[in-house]
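Before any comments, here is the structure.
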2 protein chains.
Amino acid sequence: MSAPDNLLKDFQLRSTPGRQEVLQIFLKNSYALSHGDIEREMPLDFDRVTLYRTLKTFLDNALCNNNCSTAGHHHNHVHFKCTICGQTSCLEVEIPGIKLPKGYKPVESNLLIQGTCQHCA
Amino acid sequence: MSAPDNLLKDFQLRSTPGRQEVLQIFLKNSYALSHGDIEREMPLDFDRVTLYRTLKTFLDNALCNNNCSTAGHHHNHVHFKCTICGQTSCLEVEIPGIKLPKGYKPVESNLLIQGTCQHCA
DNA sequence: CTGTGTGCAAACACTTTGCAGGTGT
DNA sequence: ACACCTGCAAAGTGTTTGCACACAG
């Protein structure tokens, strides 16, 4: 049984060709994909609307990628977007704790650093 | 002469009713405004297209708000979005320097923290 | 078999472009 | 007077909704 299949099972979602395909694409790309990126990597005849619904289903079920499981997400790392090649990747660096003004309660942080990456330097 | 008028002069932009109106809205709101927010605060008969062009003009000329001048921008602070009231505000806290992996050169950082704000706690 | 997922069509929302005419300087 | 700005119409792009049929479980 394939990895996508298992993931779908884990989240109690029905295994369909479209969902498997989308998961394959997630798994084989290390950097962040935009909706357009995914659409471009899907078979040409794949229905746009179904893709919207598939992604929404994944979102609703918190099925992000192989680093996230039912146990929780691991998104507290820094994202880096290269302004040359355009790729957004996840760095193995945690977002540092920030001391906020009185009364502010943080729940989620998102740090995006833009610049030039390793490869484009 | 009004504040918006002066700002427009400073940036060598023509002073028109629409531009003054948009600047008034920026100046009187301390939190971040979405395109929709601005549209909602504009006179009902104001043309959407003109608003798009006005905002683009301001962007192109780096005319963000009263904290930014021709001398440069001051955007290196943390943004906080309250998940209850929906408002995004600027905190007087700098984004800490991050040690990046070899080869990565940062140019700009953006840290958005979500949670509950002072007022909604 | 039953409920969910898919595909198609159409509606909807958002943004950009072209052009004629108006306005600030 | 001239260049720039505005308003309208229309095209382009991205996203959502409704419904009949197909398919996984």
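Determine the sum of side-chain charges near A:Arg48: Lys and Arg each +1, Asp and Glu each -1, restricted to other residues whose C-beta is under 12 angstrom from that of A:Arg48.
Details: positive: A:Arg40, A:Arg53; negative: A:Glu39, A:Asp45, A:Asp47.
Value of the local net charge: -1.
Residue exposure proxy: A:Asp5, A:Asp37, ordered by other Cβ atoms within 10 angstrom of their Cβ from fewest to most, comes out as A:Asp5, A:Asp37.
For A:Pro43, the distances from its label point to the matching points in the remaining copies are 5.6 nm, ordered from shortest, with each point set 7 Å beyond Cα toward Cβ. Please work out the C-alpha center-to-center distance from the range B:12-58 to the range A:2-22 and express it in whole Å. Computed from Cα coordinates, the inter-centre distance equals 46 Å. Largest GNM mean-square fluctuation across B:Gly18, B:Gly36, B:Gly103, computed for chain B with C-alpha springs under 10 Å, falls on B:Gly103. Calculated mean residue ellipticity at 222 nm for chain A: -9500 deg cm²/dmol, from DSSP H runs with n ≥ 4 weighted as -39500 (n - 2.57), summed, divided by the residue count and rounded to 500. Taking other C-beta atoms within 10 Å as the exposure proxy, A:Val93, B:Val78 rank A:Val93, B:Val78 from fewest upward. Computed over chain A, relative contact order equals 22 percent, with contacts defined as Cα pairs under 8 Å that lie 6+ residues apart. Highest GNM mean-square fluctuation, chain A, Cα pairs closer than 10 Å: which of A:Lys81, A:Lys56, A:Lys105? In the Gaussian network model the winner is A:Lys105.
For B:His119 and B:Ala62, a Förster radius of 35 Å and the Cβ-Cβ distance give a FRET efficiency of 0.70, rounded to the nearest 0.05. Inter-copy label distances for A:Asp10: 5.3 nm (label point placed 7 Å from Cα along Cα→Cβ; shortest first).
Take each residue in B:78-84, count the other chain C-beta atoms within 10 Å of its C-beta, and the mean is 3.
Among A:Val49, A:Val22, the ranking by other beta carbons within 10 Å of each residue's beta carbon, starting with the fewest, stands as A:Val49, A:Val22.
Hey, which of these cross-link pairs are over 19 Å Cα-Cα: A:Lys9/A:Lys56; A:Lys105/B:Lys81; A:Lys81/B:Lys105; A:Lys105/B:Lys28?
Working: A:Lys9/A:Lys56 17 Å; A:Lys105/B:Lys81 10 Å; A:Lys81/B:Lys105 10 Å; A:Lys105/B:Lys28 26 Å.
Pairs exceeding 19 Å: A:Lys105/B:Lys28.
In the assembly of identical copies, B:Thr83 has its label point, taken 7 Å from Cα in the direction of the beta carbon, separated from the corresponding points by 3.2 nm (ascending, one decimal). In the elastic network of chain A, a GNM with C-alpha springs shorter than 10 Å, the most mobile of A:Glu92, A:Glu108, A:Glu41 is A:Glu108.
Stretched out fully, how many nm does the piece from B:Asn6 to B:Leu91 gain, at 0.36 nm a residue minus the Cα gap? Working shown, then result.
Details: separation 85, 0.36 × 85 = 30.60 nm, distance 2.66 nm.
Stretched fully, the B:Asn6-B:Leu91 segment lengthens by 27.9 nm.
Rule-based calculations on the coordinates, nothing more; no lab input. This is a predicted model, so every value here is computed, not measured. Cβ coordinates were reconstructed from backbone atoms using ideal geometry, including for glycine residues, and neighbour counts include every protein chain displayed.
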